[in-house]
Amino acid sequence: MAEASPWTPDQPIIEITDIHKSFGHVEVLRGISLKVRKGEVICIIGPSGSGKSTLIRCINALTPFDRGSVRVMGIEVGAPHLDKLALRRRVGMVFQQYNLFPHRTALQNVMMAPIQVLHQPRREVEARAMALLKKVRLEGKEHSYPGQMSGGQQQRVAIARSLAMNPDIMLFDEVTAALDPETVKEVLVTIKQLADEGMTCILVTHEMGFAREVADHVYFTDRGVIVEDGPPAELFANPRDPRTQAFLSQVL
Amino acid sequence: MQTIAAWFHALYETTGINLTIIYDAFDRARFINGFLVTIELSVICIFFSIVIGIVGAWLQGSQLVWTRRIVQAYIQLFRNTPPLVQMYFFYFGLSNLLPRLHAAGGDQPLLSGFAWACISLSFFAGAFNVEIFRSGIEAIPHSTLEAAEALGYTRLSAYRHIILPLAVRVCLPALNNNLVNLVKTTTLAYAIAVPELLYVSAQIWSDNVNVPEMMVVLLLVYFALVGLLVLGMHRLEFRLRLPGYSRT
Amino acid sequence: MTARPMPATPFVLAPPRAGTPKLRLRLWHGAALAMLVLLSATLADAASTGPAARAGILVILLKWTPLLFRGFLFNILISVASMTIGTILGGALGITLISLLPPVRLAGSVTMQFFRNAPWLVLLFFAMFLLPFQLRIGPLVIPLPDWLKAVIGLSLPVMANVAEIMRGAVASIPSGQWEAAESLAFKRRQQVWSIIMPQCIKRMLPPWMNLYAILTMSTVLASIVGVNEVMTLAGQVSAAEGGRTDLLTPLYGYIMVWFFLYAYPIALLTTRLERRFAVKM
Ligand SMILES: Nc1ncnc2c1ncn2[C@@H]1O[C@H](COP(=O)(O)OP(=O)(O)OP(=O)(O)O)[C@@H](O)[C@H]1O
Ligand SMILES: [Mg+2]
C-alpha cells in the first residue's frame with residue numbers, strides 16, 4: 001500500500017498537533033494536541049458542546065479543520081489533495097444515530113462498501129460479512145432490514161459495517177447515547193471485545209463506568225481545549241482541574 | 001372480429017352511435033396507430049424526463065454557484081411558461097435555425113415533429129422532476145451521506161448507491177403525479193401535427209362527424225392509460241417500500 | 001427480540017419538502033430571460049439571409065407589442081374566469097366527497113377522477129364541440145361564443161382539482177378535531193363549516209395557487225380550438241410580416257417572458273406560503 005510517508009507501528013498511529021476549528025465566529029477547537037499509539041483505547045469525555053464530535057470527525061476528514069495538523073498512519077489529513085479513500089479505509093466510524101442504509105438488509109449494509117468502494121469480490125465479502133455479523137452476535141438477523149431491528153441491533157450492524165473495511169482505527173461517537181438502557185450493554189460488550197483484540201479505538205462517551213473499564217487513557221475536554229488527561233484510574237479518582245471535578249461530580 | 005364489427009355497424013344503423021374505429025378497418029388502423037404513438041411519446045418522455053430529473057438534481061448539489069444557477073433558471077423557465085409555447089418555440093422556432101436535410105423530395109427538417117415533441121415535453125416534465133428528486137434528496141438526512149463518506153464513498157458513488165435509491169423512495173408519490181401529468185400533456189403534440197391519439201381522433205371525427213362517440217372513447221382511453229401508469233407506480237412503490245417503516 | 005421504532009424520526013415518513021426557488025436569484029432570472037430573447041432575436045437575425053430591407057426583429061416585436069399584450073390580457077381574463085367557475089364547482093364537488101352518504105360520495109369521487117385524469121386539451125375539445133352555441137333558458141337566450149366555451153372547458157379540470165385539494169386538506173386534519181367537535185355536540189354541518197373548513201382554507205391555499213398557475217399556462221390551449229388569444233395573435237403577426245419563419249423564435253420567446261413574469265411571482269408566493277404553513281403545523 002502506498003503511503004504518503006513511511007509509517008511504522010512504533011510511531012503514534014494518530015498524531016494531532018494544535019488543531020483549531022471555527023464554525024462561523026465560534027471557535028470550537030482551540031488548539032488540541034494528542035497522540036494515540038497502535039492498539040490503544042482512548043476515551044474523550046466532556047460537557048455537551050465542548051467539541052468532542054468535531055475533534056474525532058477531524059480525524060477521518062468529515063470535518064475540515066482550519067489550522068494545525070492531523071496525521072493518521074503517516075497520512076496528512078489536512079493536505080490539499082488528501083486521498084480520502086486511503087484515509088477512510090484505515091479509519092472506521094460509528095455514529096450516534098447508527099446511520100444504517102434503510103433500503104438494505106443488515107448483511108447488505110455490511111457488504112456494500114467493500115464491494116462498491118473497494119471492489120472486492122462478492123463471495124469473499126459475503127463470507128467476511130457473515131463472520132462479522134456473527135461476531136457482533138447478530139446471527140439470524142442477516143436478512144432483517146434496519147427498520148425491523150432494535151437500536152442496539154442496528155448499532156451493532158453499524159459496527160460490523162465499519163469493520164468490514166478492515167480499518168486499523170475505529171472512531172465511536174457517543175454510540176450508546178440513542179439507545180435504551182437495556183440495549184446499551186450489548187453494544188458496549190461488542191466494543192470491549194474489539195478493544196481486547198487490539199483494535200485502536202477512540203471513543204467519545206458519556207458512559208463513565210465503561211470509560212474507566214476499557215480506556216488506556218482519558219481526555220477531558222471543555223470549550224475546545226483538553227483540560228486534563230491521564231489514565232482512567234487517576235483521572236476519575238483524583239481529578240486536578242476544578243472543571244473536571246465539577247463535570248465528574250455531575251455525571252458520576 | 002367480423003361479428004363484432006358487424007354488431008357495431010348495426011349499432012350505428014339502429015341507434016346512430018357511430019364507432020368507426022371498431023367496424024371500419026381504416027379508422028381502426030389510424031386509431032391504433034395514434035394510440036401507439038401516444039404510448040411511444042409517453043414512454044420516451046417519461047424516460048428522458050427522469051434522466052433530466054436525476055442529472056439536474058445531482059447538478060443542483062454542485063459546489064459551483066453557476067451550475068446551480070443555470071439548473072435553477074432552467075427549472076423556473078420551464079415551470080413558469082406554457083408547455084404549448086415551449087413546444088412551438090422548439091418546433092417552429094428552433095427547428096428553423098437548424099440545418100435542413102436535403103432529401104429526394106426536397107428539403108426536410110432535421111428533426112421531425114415527433115422528435116421535437118419528445119424534446120420539449122421531456123424538458124418540460126424534466127424541470128418538475130428535478131425539483132421532485134431534489135426534495136427527495138433533501139429529505140435524506142445529512143448523516144446518512146456522512147456515514148457513506150466515512151465508509152470511503154465518493155460523492156458520486158454515494159449518490160448512486162445510497163442517496164438516490166433512498167430519495168427515489170421518498171419522492172415516488174410526487175413523481176407519480178408528475179408522470180401522470182406528462183402522459184396527459186402528450187396531447188399537446190396535437191398542435192404540431194404529431195399523429196398521436198388526439199390528433200387521429202380529430203381526423204376520425206371530422207371524417208365521420210362522430211364527435212361525441214370519439215370524445216367518450218378518447219376520455220376512456222386516457223383514463224385507462226393514466227390508470228395503468230398509476231397502477232404500475234403503486235406496484236413500484238410497494239416493491240421499494242422500506243421494511244420496518246410504516247407509511248402513515 | 002421485537003422490532004422497536006428508531007429513536008430518530010425515520011426520514012421516509014417526512015413529506016418531501018416543497019420546491020423552494022431561491023429568492024436571491026430573482027433579479028438574475030429576469031436578466032437571463034431578457035438575454036434569452038435578445039439572443040434568440042440576434043440568432044434569428046443572423047440566420048435570416050434576407051437583405052437589410054427586412055425590418056429588425058426587435059423593431060417588429062415592439063411594433064406588435066400592444067396587440068400581443070391585449071391578447072395576453074385576454075389569456076389572463078380566461079384564466080380568472082375559469083378559476084372562478086372551477087373553484088365554485090370544485091367546492092361543491094368537494095363537499096360531496098366528504099358527505100356521509102356513500103352514494104353521494106361515490107358519485108362525487110367518480111366525477112372527480114374522471115375530470116382529473118382527462119387531458120386538459122381533450123376537455124377543451126369536449127367543451128368546444130359538445131356545448132351548444134347558445135343556451136336557451138325559457139325566453140332567455142345566452143349566446144356561447146367560443147371563448148366562453150373555452151372558459152367552461154378549462155374550468156372542468158379546475159373543478160376536479162379543487163375538489164381533490166379540498167379532499168386532501170380535510171383528510172389532513174387530525175381526526176381529533178372531528179372528535180373534539182363531535183364531543184362538543186356540534187352538528188355535522190357545524191363541524192364542517194366552523195371547525196374543519198377554517199383550518200382547511202390555509203392548507204388549500206398553496207395548492208390552489210399552484211393550480212391557478214397551471215391553469216394560466218393552459219389558457220394558450222384555447223388557440224388550438226380557435227380562440228383569439230395571444231398565441232393565435234402571434235401566428236397572425238408572423239403572417240402579417242410575410243410569414244417570416246425567423247420571426248417565430250423571438251415571438252414565442254417574447255410570449256414566454258410575459259407568462260414567466262406573470263407566473264413566477266405567483267410561484268414564489270406559493271412556496272413561501274407553503275413553507276410558512278408547514279412550520280406552523
Ligand atoms: N456543522 C456545524 N456548524 C456550526 N456549528 C457547529 C457544527 N457542528 C458543531 N457545531 C458547534 O460546535 C460546537 C461543538 O460541537 P460538537 O458536536 O463537537 O460538541 P460535542 O462535544 O460533540 O457535544 P455533544 O456531547 O452534545 O455531542 C457546538 O457548539 C456546536 O453547536
Ligand atoms: Mg457529539
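The values are calculated or read from the model by the stated rules, or taken from the named source; none is laboratory data. Owing to the predicted nature of the structure, the values given are computational and were not obtained by experimental measurement. All Cβ positions, glycine included, derive from the backbone under ideal geometry; neighbour counts span all protein chains shown. Remember, those area values only see protein heavy atoms, side chains included, never the ligands or the DNA or RNA. Shrake-Rupley method; radii C 1.70, N 1.55, O 1.52, S 1.80 Å.
Of note:
- Residues in the range A:217-252 that are in contact with a helix residue (DSSP H, G or I) (Cβ under 8 Å, 6 or more places away or on another chain) and open to solvent by 50 Å² or more (accessible area, probe 1.4 Å) were compared, and the one that is farthest from A:D180 (Cα to Cα) is A:D229.
- Within the range C:98-114, considering residues that are surrounded by 15 or more Cβ atoms within 10 Å (Cβ to Cβ), more than 9 Å from every other protein chain (Cβ to nearest Cβ) and within 22 Å of B:L218 (Cβ to Cβ), the one farthest from the chain's Cα centre (by Cα): C:S109
- Conditions (1) surrounded by 13 or more Cβ atoms within 10 Å (Cβ to Cβ); (2) more than 14 Å from chain A (Cβ to nearest Cβ); number of the one not met by B:P243: (2)
- Set side by side, the residues A:T205, A:T190 differ, and just one is among the hydroxyl-bearing types (S, T, Y), modelled with pLDDT under 95 and away from ligand 1 (no atom under 16 Å from the Cβ), which is A:T190.
- Test set (1) more than 14 Å from chain B (Cβ to nearest Cβ); (2) surrounded by fewer than 21 Cβ atoms within 10 Å (Cβ to Cβ); (3) more than 16 Å from ligand 2 (Cβ to nearest atom) - A:V41 fails condition number: (2)
- Residues that are of a type in the set (G, A, S) and within 22 Å of C:W178 (Cα to Cα) within the range C:80-129 comprise C:G91, C:A92, C:G94, C:S99, C:G108, C:S109, listed in sequence order.
- Hits in the range B:73-84 (condition: under 17 Å from the mean Cα position of the chain (by Cα) and facing chain C (nearest Cβ under 9 Å)): B:I75, B:R79, B:P82, B:P83, B:L84
- Test result for A:T183, within 16 Å of ligand 1 (Cβ to nearest atom), crowded, with 19+ Cβ neighbours inside 10 Å and within 14 Å of chain C (Cβ to nearest Cβ): no
- Odd one out for A:S144 among (1) within 16 Å of ligand 1 (Cβ to nearest atom); (2) within 11 Å of another protein chain (Cβ to nearest Cβ); (3) crowded, with 19+ Cβ neighbours inside 10 Å: (1)
- Any hit, the range A:94-104, residues being of a type in the set (D, E, K, R) and more than 19 Å from B:T144 (Cα to Cα): no
- Any hit, the range B:93-104, residues being open to solvent by less than 50 Å² (accessible area, probe 1.4 Å), at pLDDT below 95, hydrophobic (A, V, I, L, M, F, W, C) and outside any helix (DSSP H, G or I): yes
- Within the option set C:L233, C:L268, C:L221, C:L251, being over 28 Å from B:S135 (Cβ atoms) and more than 9 Å from every other protein chain (Cβ to nearest Cβ) holds for one residue only, C:L233.
- Some residue of the range A:52-73 being farther than 19 Å from A:D173 by Cα and hydrophobic (A, V, I, L, M, F, W, C): yes
- Pairing each residue of the range B:152-174 that is more than 16 Å from B:I132 (Cβ to Cβ) with any residue that is of a type in the set (K, R) and in a helix (DSSP H, G or I), provided the two are 6+ apart or on different chains, yields C-beta distances under 8 Å for B:G152/A:K84; B:G152/A:R88; B:G152/A:R89; B:T154/A:K84.
- Any hit, the range B:221-237, residues being in contact with an Asp or Glu (Cβ under 8 Å, 6 or more places away or on another chain), more than 10 Å from every other protein chain (Cβ to nearest Cβ) and either buried (at least 19 other Cβ atoms within 10 Å of the Cβ) or of a type outside the set (A, V, I, L, M) (or both): no
- The range A:89-132, residues that are open to solvent by 10 Å² or more (accessible area, probe 1.4 Å), more than 30 Å from A:G74 (Cβ to Cβ) and within 16 Å of ligand 2 (Cβ to nearest atom): A:Q97
- Whichever residue in the range A:15-38 is of a type outside the set (A, V, I, L, M) and within 16 Å of ligand 2 (Cβ to nearest atom) and, among such residues, is surrounded by the most Cβ atoms within 10 Å (Cβ to Cβ): A:K21
- All of C:R275, C:R244 fail the test of being within 14 Å of chain B (Cβ to nearest Cβ), within 18 Å of C:L58 (Cα to Cα) and basic (K, R), apart from C:R244.
- Enumeration of residues in the range A:43-92 that are within 16 Å of the chain's Cα centre (by Cα) and of a type in the set (K, R): A:K52, A:R57, A:R71, A:R88, A:R89, A:R90
- Being open to solvent by less than 30 Å² (accessible area, probe 1.4 Å), of a type in the set (S, T, Y) and touching an Asp or Glu at 6+ places or on another chain (Cβ under 7 Å) is a condition met by no residue of the range B:190-198.
- Filter result for B:I70 (open to solvent by less than 60 Å² (accessible area, probe 1.4 Å) and more than 7 Å from chain C (Cβ to nearest Cβ)): no
- Residues in the range B:1-48 that are outside any helix (DSSP H, G or I), touching a Leu at 6+ places or on another chain (Cβ under 8 Å) and open to solvent by less than 50 Å² (accessible area, probe 1.4 Å): B:L19 only.
- Considering residues of the range C:195-246 that are within 17 Å of C:T271 (Cα to Cα) and not hydrophobic (A, V, I, L, M, F, W, C) only, the residue surrounded by the fewest Cβ atoms within 10 Å (Cβ to Cβ): C:K202
- Single residue of the range A:163-180 satisfying the filter (within 16 Å of ligand 1 (Cβ to nearest atom) and more than 14 Å from chain C (Cβ to nearest Cβ)) that is nearest to A:R137 (Cα to Cα): A:F172
- Only listed residue being more than 10 Å from ligand 1 (Cβ to nearest atom) and either more than 14 Å from chain B (Cβ to nearest Cβ) or not aliphatic (A, V, I, L, M) (or both), chosen from A:S22, A:S33: A:S33
- Conditions (1) more than 10 Å from chain B (Cβ to nearest Cβ); (2) more than 23 Å from A:W7 (Cβ to Cβ); (3) free of Cβ contacts under 8 Å to residues at least 60 places away in the same chain: number failed by A:I159: (3)
- Any hit, the range C:168-182, residues being open to solvent by less than 60 Å² (accessible area, probe 1.4 Å), closer than 30 Å to C:R70 by Cα and within 13 Å of another protein chain (Cβ to nearest Cβ): no
- With respect to the conditions (1) in a strand (DSSP E or B); (2) of a type in the set (V, I, T); (3) away from ligand 1 (no atom under 15 Å from the Cβ), A:V28 lacks only one, and its number is (3).
- Unmet criterion (only one of (1) more than 22 Å from C:I266 (Cβ to Cβ); (2) at pLDDT 95 or above) for B:G136: (2)
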